[in-house]
């Protein structure tokens, strides 16, 4: 009964009397079945030689083409406390619209008249700068006057020195004349003495010559004294010149020292004015930061910090905004082994989540519900998920992407490569080989030209 023995049931039992056996084991059915198998084998053999487009499938998500069009959060550059909200979640805001108002939490900025008082300090310091400048001008005038006076004194001393030198020269000539007269008197007295001894001259004449000789000696001594006095006057004139130079150098140096001190004070006052002006500008800009404004047109997504009176730190996220104008794109991630097969401006098919599609990855012409895209950026550094990021933009030559697509929705991408027979693709898949090394037509043409 369990057909354990080697006795065949169809030989011991006549099955032809059953209707089902009569319908199944009819020779005509065997003939049709064999024809079907043959036709199926022929079709499968033909299909094996049909072209199949190699492709790279990957998952991605919808994003924007430029970074400034992506969802962002608005932060406050200063710490503060929320005082008033001007928007609700979902509201549309234009660039520059006020979103919320905050107040100060740092005690150094509590003074409501801080800007006015800083302005008063600036005016006071500017007046100090003017005073220092006036003092410098006055000292410059004083230095100029001292320089002119020194020049006049030096000219006067130089004239006196010249006069003294001329007097020395005059006294020197007079001294030489006195010496000559003395020599003459000496010769005359010698001659008179000889004549007196011979009795040719009287004693009166001899004494007269001796008197003239003594007068000549006295004049010589007097003239030598005058000559030495004239020399002393030259030395005194030179000393006076040095004294005038030293005196006025000291006065001018003191005035210049006072001038440099005033200039230093002026520079310090100018530095303080610059610092106060910087503080004044910072205070003004800080007051403007109390109103958190929209950086661009968009929709308020979520209030991250809510309520009234809640405090926050600088750089802390306050509210999220989604730009209203953006260009859609798809970011997808491919395996490192497929990265060399992708090139800029290559065509890619995209299937968005939520849109019905019939996809034959190897036959893109018969696929339905996919949209055209092209590669606009390929990241050169691997992402944290172990894959490389590729950015896709809409293809202008294809149909427009659906308007209802939103940033963040999922997408499936199919990058098309070379056309190969189906049998080759099956053989490649079974052996785990990568797709054929794909290059664009332009790159192939360039290689041929080389």
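Any read-out appearing in this document is the output of simple, stated calculations on the displayed coordinates, not a laboratory observation. As the structure is a prediction and not an experimental result, all values here were calculated from the model. Glycine gets a Cβ as well: all are built from the backbone with ideal geometry, and neighbour counts include every protein chain shown.
At-a-glance table
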{"item": "Per-selection metrics, region 114-288 (Cα): Rg and Dmax in Å", "result": "37.5, 132"}
{"item": "Residue 228 paired with residue 423, simple spin-label distance in nm, labels 7 Å along Cα-to-beta-carbon", "result": "14.2"}
{"item": "Gain on full stretching of the segment that runs from residue 166 to residue 254 - 0.36 nm per residue minus C-alpha separation", "result": "28.0 nm"}
{"item": "Gap separating the Cα centres of region 161-177 and region 302-345, nearest whole Å", "result": "104"}
{"item": "Contour excess over end-to-end distance, with Cα ends at residue 92 and residue 145 and 0.36 nm allotted per residue", "result": "11.7 nm"}
{"item": "Residues residue 327 and residue 380, FRET efficiency given R0 of 25 Å [Cβ-Cβ distance, rounded to 0.05]", "result": "0.65"}
{"item": "Extension gain (nm, one decimal) between residue 284 and residue 311, 0.36 nm per residue minus Cα-Cα", "result": "7.6 nm"}
{"item": "Debye equation applied to the C-alpha atoms of region 248-398, log10 I(q)/I(0) at 0.13, 0.17, 0.21 Å⁻¹", "result": "-0.90, -1.10, -1.30"}
{"item": "Inter-probe distance in nm under a simple model that places probes 7 Å from Cα toward Cβ, at residue 177 and residue 42", "result": "16.1"}
{"item": "Estimated inter-spin distance, residue 81 and residue 274, nm [label 7 Å along Cα→Cβ]", "result": "3.8"}
{"item": "Whole-percent pair-distance distribution, where bins are 10 Å wide, for the alpha carbons of region 48-97", "result": "13, 28, 23, 13, 10, 8, 4, 1"}
